[in-house]
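The values are calculated or read from the model by the stated rules, or taken from the named source; none is laboratory data. Predicted, not measured: the structure shown is a model, and the values here were computed from it. Note that we place each Cβ from the backbone using ideal geometry, even for glycine, and neighbour counts take in every protein chain shown.
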Amino acid sequence: MNIKFTAPELERTRLNASEQAEQEFTPPPPREVVVEYYNGVAETYFDRYFDPYYTGYSFQIRKQRVLEFLEGVQGRVLDVACGPGVMIPDLVRLGFEYWGLDLAPCMVEEAKHRFGHLPRVSLYNAPAEQLPFGDCFFDAVICVGAIEYTEYKRALSEMLRVLRPGGRLIVAFSNNRSPYHLWRRYIFYPIVQATSAFYGRWRRRTPSFKLLRTLQRHSILTFLQKNDCSIEDEVYYYFQLFPSPLEELFPWLDTLVMRHAERLYKTRWDWLGQGFLIKGKKGLLDFSNIQNKREAK
């Protein structure tokens with residue numbers, strides 16, 4: 001069903017001027033920095049989904065919510081920023097023709113090594129802002145854990161271009177209004193940077209580009225709706241309630257609390273979720289023609 005925003009909901013998503021300025025003018029991290037990091041972790045990244053603590057749980061619950069959003073959808077699916085192919089087994093099992101794409105060459109090679117032998121699986125190395133596919137080619141496009149590292153308007157425009165009319169777009173990103181995010185961004189990260197000798201081990205595990213950029217929910221929703229993509233559903237996930245560094249000091253307890261807190265995703269406390277998923281439906285207009293006319297102006 002299409003979501004109709006009430007006045008309180010619109011007020012909740014409205015940004016003040018300073019937040020909008022930060023959103024629009026903070027550039028994404030350099031591509032070479034992102035590629036270097038993900039090339040370096042490509043061989044071990046798949047195993048993170050099976051970590052018994054909070055890292056593995058956050059990935060698994062995100063994957064579960066994406067699969068729920070894909071119920072009733074069939075045909076070709078494009079996985080933008082596919083990584084080592086963690087979505088491939090489930091999507092192939094559900095009957096999709098899978099197409100995956102990633103900016104990091106080593107991630108693509110890892111996905112080919114694991115799943116390249118499967119029928120109806122195609123993998124490519126390319127940026128999200130320049131998808132090497134024709135217009136209206138896919139029945140569904142998903143992008144999880146990557147939109148913050150792109151020029152998001154160009155990336156979303158490309159995803160809509162290759163999506164057929166009536167197709168579904170699913171995008172995941174961090175909820176920058178969650179208490180966990182606010183604590184890390186404005187309190188914990190500055191402390192870590194000021195005391196790097198004490199927290200050196202933690203800092204090495206978290207590349208600096210991951211600390212810099214977030215996207216506003218309102219910006220994503222507004223851009224999609226302006227480009228003939230109605231919002232069918234949205235959901236928060238990954239309820240990380242332990243402030244850093246408690247999740248690393250007590251990972252078993254943190255994970256236990258998160259599993260119980262996940263039930264909040266259908267309550268008025270859903271905004272506590274660290275992650276956010278949007279499901280959109282592309283309209284019947286020819287998006288490529290709209291874009292061409294805008295560029296001509």
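Do you know which of the residues in the range 243-273 that are surrounded by 15 or more Cβ atoms within 10 Å (Cβ to Cβ) and of a type in the set (Ser, Thr, Tyr) is nearest to Phe173 (Cα to Cα)?
Filtering the range 243-273 for residues that are surrounded by 15 or more Cβ atoms within 10 Å (Cβ to Cβ) and of a type in the set (Ser, Thr, Tyr), the one nearest to Phe173 (Cα to Cα) comes out as Tyr265.
Please go through the range 116-147 and give me each residue that is surrounded by 20 or more Cβ atoms within 10 Å (Cβ to Cβ), within 17 Å of the chain's Cα centre (by Cα) and more than 14 Å from Glu158 (Cα to Cα), ordered by number.
Within the range 116-147, Val144, Ala146 meet the criteria.
Would you be able to say whether some residue in the range 36-58 is within 22 Å of Ile278 (Cβ to Cβ) and of a type in the set (A, V, I, L, M, F, W, C)?
No: the range 36-58 contains no residue that is within 22 Å of Ile278 (Cβ to Cβ) and of a type in the set (A, V, I, L, M, F, W, C).
Can you find, within the range 214-265, the residue that is farthest from Tyr53 (Cα to Cα) among those that are among the small types (Gly, Ala, Ser) and outside any helix (DSSP H, G or I)?
Going through the qualifying residues, I end up with Ser230.
Starting from residues that are touching a strand residue (DSSP E or B) at 6+ places or on another chain (Cβ under 8 Å) and crowded, with 17+ Cβ neighbours inside 10 Å, keep the ones in the range 53-74 and report whichever is farthest from Phe173 (Cα to Cα).
Leu70
Filter the range 124-152 for residues that are closer than 17 Å to Ala104 by Cβ, among the hydrophobic types (A, V, I, L, M, F, W, C) and touching a Phe, Trp or Tyr at 6+ places or on another chain (Cβ under 8 Å) and give the result.
Hit for the range 124-152 is Ile147, nothing else.
Can you tell me which residue in the range 86-115 is surrounded by the most Cβ atoms within 10 Å (Cβ to Cβ), limited to those that are over 14 Å from Val66 (Cβ atoms) and among the small types (Gly, Ala, Ser)?
This residue is Ala111.
Can you name the strands (runs of 3 or more DSSP E) wholly within the range 90-176 that have at least 3 residues being modelled with pLDDT of 95 or more and under 22 Å from Arg62 (Cα atoms)?
97-102, 138-143, 163-174
Between a residue in the range 225-246 that is under 19 Å from Tyr189 (Cβ atoms) and any residue that is among the charged types (D, E, K, R), which pairs come within a Cβ distance under 6 Å, given they are 6 or more apart or on different chains?
If the second residue must be among the charged types (D, E, K, R), the pairs left are Phe242/Asp254; Ser244/Arg184.
Keeping to the range 266-279, report how many residues are touching a strand residue (DSSP E or B) at 6+ places or on another chain (Cβ under 6 Å) and part of a loop (DSSP other than H, G, I, E, B).
So the count comes out to 1.
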